[in-house]
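Notes to accompany the following structure.
The values are calculated or read from the model by the stated rules, or taken from the named source; none is laboratory data. For clarity, every value in this text was computed on a predicted model and none was experimentally measured. So basically every Cβ, Gly included, is an ideal-geometry build from the backbone, and we count neighbours across all protein chains shown.
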């Protein structure tokens with residue numbers, strides 16, 4: 001048998017061998033043809049995998065639907081098809097049988113996401129591709145890539161190189177490989193292309209106004225009050241915040257901080273082309289803006305009720321600028337209490353009530369309730 005790899009296309013009346021997206025590649029059934037066809041179905045992404053006697057027919061609304069049909073077929077095969085060992089592959093296919101079955105399926109949710117935190121621990125490009133392959137197998141279609149936080153800054157921004165040369169190295173540079181490093185723009189483009197081949201959008205997260213200690217360690221002038229240098233703690237995951245305390249980017253200095261933010265997004269926009277950016281909005285450390293002369297002055301000038309509403313004003317300014325560039329924003333639901341920026345997608349994570357609040361506010365909502373689906377929480 002030959003190894004094979006197949007990207008579904010809009011085709012009719014063409015017979016292919018059974019070929020899959022997976023890593024490593026798996027053997028094809030040369031004697032069992034696959035006939036992928038596309039037809040008008042509602043909703044999009046629908047598919048009909050149908051096995052009949054000596055052939056398997058997959059009909060989809062579009063190429064993406066055919067691709068998902070292939071994933072359903074893969075799920076019917078032995079787990080050994082994913083084994084790294086060639087012998088295990090051959091043994092899995094030596095006596096392979098699939099019962100006669102007809103499957104009609106459509107996707108229920110248009111956002112089927114997986115979030116990867118690359119800040120607290122950095123992953124290799126190959127490891128991220130493995131995650132994307134698993135996403136594709138389970139028909140997930142959004143890769144939410146958490147690239148900035150208090151702990152580290154992982155995305156190369158050429159105009160601001162200290163974001164990664166300083167912010168990308170919280171650990172001991174001689175040994176803490178899991179804590180140190182960043183992704184070059186070429187590497188991020190490679191991940192985006194790899195995900196797109198599997199019908200997965202990539203949504204980067206640049207978290208503001210909180211979770212910015214790595215940013216402020218590199219460019220402290222964007223912090224509150226005088227914006228002096230932050231004190232570095234002992235090398236480790238929390239080295240940017242253990243001595244300095246958790247900080248926020250200064251809303252009161254919006255005439256300089258917002259242009260800085262937009263220049264970062266401008267570079268990211270050349271890499272992440274799906275029209276969606278996550279802007280964070282969660283866990284802004286209390287006490288920063290409340291004690292900042294610039295933030296207090298801006299809040300009074302804008303006649304805002306409190307710092308929650310100041311955050312809403314700040315994120316609105318950023319989101320509106322991104323909207324004019326054709327970008328829609330996603331934000332964590334915690335800032336709902338100050339009002340959600342126009343058109344922003346709400347991502348609920350902390351309380352079950354957040355999703356309901358987002359719906360009542362007339363927003364689209366991603367339900368990511370941490371106690372149910374965060375993999376770092378106890379079962």
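Just give me the residues in region 337-364 being in contact (Cβ under 8 Å) with a residue 24 or more places away in the chain, on the phi < 0 side of the Ramachandran plot and more than 21 Å from the chain's Cα centre (by Cα), in sequence order. Once the filter is applied, which keeps residues that are in contact (Cβ under 8 Å) with a residue 24 or more places away in the chain, on the phi < 0 side of the Ramachandran plot and more than 21 Å from the chain's Cα centre (by Cα), region 337-364 yields 337, 338, 342, 357, 361. Can you say whether residue 211 is on the phi > 0 side of the Ramachandran plot and modelled with pLDDT of 95 or more, as far as the supplied structure shows? Yes: the conditions hold for residue 211.
Scan region 330-343 residue by residue and report those that are farther than 16 Å from residue 284 by Cβ and buried (at least 21 other Cβ atoms within 10 Å of the Cβ).
Matches in region 330-343: 330 only.
Go through the residues of region 170-181 one by one and say whether even a single one is crowded, with 18+ Cβ neighbours inside 10 Å, more than 30 Å from residue 242 (Cα to Cα) and either in the same structural domain as residue 261 (by TED's automatic domain parsing) or without any contact (Cβ under 8 Å) to a residue 60 or more places away in the chain (or both). Scanning region 170-181 turns up no residue that is crowded, with 18+ Cβ neighbours inside 10 Å, more than 30 Å from residue 242 (Cα to Cα) and either in the same structural domain as residue 261 (by TED's automatic domain parsing) or without any contact (Cβ under 8 Å) to a residue 60 or more places away in the chain (or both). Which residue, of 75, 84, is under 29 Å from residue 373 (Cβ atoms), surrounded by fewer than 19 Cβ atoms within 10 Å (Cβ to Cβ), at pLDDT 50 or above and out of contact with any helix residue (DSSP H, G or I) (no Cβ under 8 Å at 6 or more places or on another chain)? After applying the criteria, what remains is 84. Within region 285-317, the set of residues being in contact with a helix residue (DSSP H, G or I) (Cβ under 6 Å, 6 or more places away or on another chain), under 20 Å from residue 212 (Cα atoms) and buried (at least 19 other Cβ atoms within 10 Å of the Cβ) comprises 289, 310, 311, 312. Here is the figure for region 100-111: residues that are in a loop (DSSP other than H, G, I, E, B), exposed (fewer than 13 other Cβ atoms within 10 Å of the Cβ) and touching a strand residue (DSSP E or B) at 6+ places or on another chain (Cβ under 8 Å) total 2. I'm told residue 219 meets every condition in (1) touching a helix residue (DSSP H, G or I) at 6+ places or on another chain (Cβ under 8 Å); (2) over 30 Å from residue 192 (Cα atoms); (3) in contact (Cβ under 8 Å) with a residue 12 or more places away in the chain except one. Can you identify the failing condition by its number? Just one mismatch for residue 219, condition (2).
Scanning region 214-243 for residues that are touching a strand residue (DSSP E or B) at 6+ places or on another chain (Cβ under 9 Å) and modelled with pLDDT under 95 yields a count of 0. Kindly indicate whether residue 148 is surrounded by 16 or more Cβ atoms within 10 Å (Cβ to Cβ) and under 15 Å from the mean Cα position of the chain (by Cα). Criteria met by residue 148. With respect to residue 199, is the statement that it is touching a strand residue (DSSP E or B) at 6+ places or on another chain (Cβ under 9 Å) and in contact (Cβ under 8 Å) with a residue 12 or more places away in the chain true? Answer is no for this residue.
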